[in-house]
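All remarks here apply to the structure that follows.
The values are calculated or read from the model by the stated rules, or taken from the named source; none is laboratory data. Being a predicted model, the structure only gives us computed values, none of them experimental. All Cβ positions, even for glycine, are placed from backbone atoms using ideal geometry, and neighbour counts span all protein chains on display. Accessible surface areas use protein heavy atoms only, side chains included; no ligands, DNA or RNA. Shrake-Rupley method; radii C 1.70, N 1.55, O 1.52, S 1.80 Å.
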Amino acid sequence: MELADRAVGFLLTFTSLSIFTYYTFWVIILPFVDSDNFIHNYFLPQEYAILIPVCAGVVLLSLLCIFIGLVLLKSKKKKA
């Protein structure tokens, strides 16, 4: 089981670092590169740099509120 846990941990770490590196390059470095450079073909337009994290945050916050609501409803039923 320890090997599986290490593999999952490595996969999550690698995925997180890849996303962080991609997003950092996209938001911080890419605006200083000429727009006709070939590197722009590998990235979405700049407006998505704000839109994607905002949408992900809204979805995450919504799911968190639903989870808390369900837990509160279950605990209320358990007391009654």
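Before moving on, here are some points about what is shown:
- Residue ID - most open to solvent (accessible area, probe 1.4 Å), chosen from residues in region 31-44 that are more than 19 Å from SER18 (Cα to Cα) and either at pLDDT 95 or above or in a loop (DSSP other than H, G, I, E, B) (or both): ASP36
- Of all the residues in region 1-30, those that are of a type in the set (Asp, Glu) and surrounded by 10 or more Cβ atoms within 10 Å (Cβ to Cβ) number 0.
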